[in-house]
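Before any comments, here is the structure.
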Amino acid sequence: MTVDALTDVTGLRVGHATRTGEGWLTGTTVVLAPEGGAVAAVDVRGGGPGTKETDALDPRNVVQKAEAVVLTGGSAYGLDAASGVMAWLEEQGRGVRVGPDPAHVVPVVPAACVFDLGRGGDFRARPDASLGRAAVEAAAASEIGAPVPEGCVGAGTGAAVGAMKGGVGTASVVLDSGITVAALVVANAAGSVLDPETGVLYGELFQGRVNYPDAQVHEAARTRLAESAARNAPPPLNTTLAVVATDADLTKAQAQKLAGTAHDGIARAVRPVHLLHDGDTVFALATGARPLDAAQPLALNEILAAGADVVTRAIVRAVRAAESVKGRGEGEGGGWPSYTELYGGS
């Protein structure tokens, strides 16, 4: 049985650590690979990325597998969360062996951050190593194949998409070959996920027939969004992050291609995308549980296409699962309405 989540790729686990209140509105999400790691790659398209260990994932370099991927709030400060994940993995003896003692390991933990500084009211309230440890411990404690909480959790806690609340979303698909492809995203874009003329989510236009919101509902929503944009001016620095994964046996170069084509999924759901004020980054993980059929030359293409599709669907789910956030602290400024508050079940 599948749960339409990243955890449908057997062996992957997801953990969130969330902090809200008293100036906090941020968090960290960890994707934990099976012991021994997963083939890992990355593709960075945004003009303002904040990342760690992404060069190690270049197919030309020696590292082949990652033990975990960290997605975090806090902008570049929040990358410290990866240190807590590394410390936990070292305690488990997981990582690249670098010495005669089995305990002599260096865990490979690539990370990327979204900008959410000050959205809870305190600019200095951001993830650190302890929050990263909490997230990886939550992942390790979860059951294989467990559903993944969505919306304002983990790295999506303080996320915003344009003038509207963003968050975490996930989705998966099982191909006719039996191969699973899945994605988890943190939707936190400078661009919009919403067609300004109709109120339809861009990403849903790629999923077949859509229900258009009532014109009066849409007009009221446009007014609310204009007010939100004015309160939060100038437009914040943002980033959309994704982990796209498969149980197919991919090389590192093939995984990098998967990360690259998965960006198409972001471009379908967010407009404009890959801006100078975005840090859009997609990681790819391949667990290698299912061989890629060499007799089927289009087998890899099916995985690449599915990767983009599940990223689009995960962004839609992130936006629909998000909840409204009111003003920061005791002030009247800030705050983002959710799509559900604006449009109900449309």
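The values are calculated or read from the model by the stated rules, or taken from the named source; none is laboratory data. Not measured: the values here are computed from a predicted model. Neighbour counts run over all protein chains shown; Cβ positions are idealised from the backbone, glycine included. SASA here: full protein model, heavy atoms, side chains in, ligands and nucleic acids out. Shrake-Rupley method; radii C 1.70, N 1.55, O 1.52, S 1.80 Å.
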Exercise. For labels at residue 299 and residue 206 in the simple 7 Å Cα→Cβ model, what's the distance in nm?
Worked result: 2.5
Seminar exercise, completed: Comparing 270, 105, 319 in a Gaussian network model of the chain (Cα, 10 Å), the one with the largest mean-square fluctuation is 105
For this session: Evaluate E = 1/(1 + (r/R0)^6) for residue 251 and residue 176, where r is the Cβ-Cβ distance and R0 equals 30 Å; express this FRET efficiency to the nearest 0.05.
Result: 0.85
Exercise. Which of these, 24, 88, 336, has the largest mean-square fluctuation under a Gaussian network model of the chain (Cα springs below 10 Å)?
Worked result: 88
Exercise. Of 274, 104, which has the most accessible area and how do the rest follow, probe 1.4 Å?
Worked result: 104, 274
Problem set entry | Inter-label distance for residue 35 and residue 231, nm, one decimal - labels placed 7 Å from Cα along Cα-to-Cβ | 4.9
Problem set entry | GluC sites (Glu not before Pro) restricted to DSSP loop in the stretch 1-82 with at most 12 other C-beta within 10 Å | 22, 35
Seminar exercise, completed: For the chain, averaging the sequence separation of alpha carbon pairs under 8 Å that lie six or more residues apart and dividing by its residue count, the contact order in percent is 24
Exercise. Among 145, 168, 11, whose Cα lies farthest out toward the positive end of the dipole of the stretch 6-343, if unit charges sit on the beta carbon of Lys, Arg (+1) and Asp, Glu (-1)?
Worked result: 168
Exercise. For the chain, modelled as a Gaussian network with Cα springs under 10 Å, which listed residue fluctuates most, 26, 157, 198?
Worked result: 198
Exercise. From the phi of every residue in the stretch 2-18, what ³J(HN,Hα) in whole Hz does the Karplus formula 6.51 cos²θ - 1.76 cosθ + 1.60 yield, where θ is phi - 60° and glycine or proline is x?
Worked result: 9, 10, 6, 8, 4, 6, 5, 7, 3, x, 7, 10, 10, x, 10, 10, 10
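Could you tell me the calculated FRET efficiency between residue 2 and residue 215, based on Cβ-Cβ distance and R0 = 56 angstrom, to the nearest 0.05?
0.90
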Seminar exercise, completed: With label points set 7 Å from each Cα along the Cα-to-Cβ direction at residue 324 and residue 76, the distance between them in nm comes to 3.6
Problem set entry | Angle in degrees between helix 81-91 and the longest Cα principal axis of the chain, rounded to the nearest 10 | 30
Exercise. List the trypsin sites (Lys or Arg not before Pro) in the stretch 184-244 that DSSP assigns to loop (not H, G, I, E or B) and whose Cβ has at most 13 other Cβ atoms within 10 Å. Which are they?
Worked result: 209
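Using 20 Å as the Cα-Cα cut-off, could you pick out the over-long pairs in 52/252; 165/326; 165/257?
Listed pairs above 20 Å: 165/257.
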For this session: Would you please name the trypsin sites (Lys or Arg not before Pro) within the stretch 94-140 that are DSSP coil residues with at most 13 other C-beta atoms within 10 Å of their C-beta?
Result: 124
For this session: Whenever you get a sec, compute what percent of the accessible area on the chain sits on carbon and sulfur atoms (1.4 Å probe).
Result: 51
Exercise. From the list [x] 1.13; [y] 1.00; [z] 0.97, can you say which value of Rg/Rh (Cα atoms, Kirkwood Rh) was derived from the structure given?
Worked result: [z]
Exercise. Taking only DSSP H segments of four or more residues, each worth -39500 (n - 2.57), what value at 222 nm results for the chain once the sum is divided by all its residues, to the nearest 500 deg cm²/dmol?
Worked result: -8000 deg cm²/dmol
Seminar exercise, completed: Under the Karplus relation with 6.51, -1.76 and 1.60 and θ = phi - 60°, whole-Hz ³J(HN,Hα) for the stretch 168-183, x at Gly and Pro, equal 9, x, 8, 6, 8, 8, 10, 6, 4, 6, x, 6, 9, 10, 8, 8
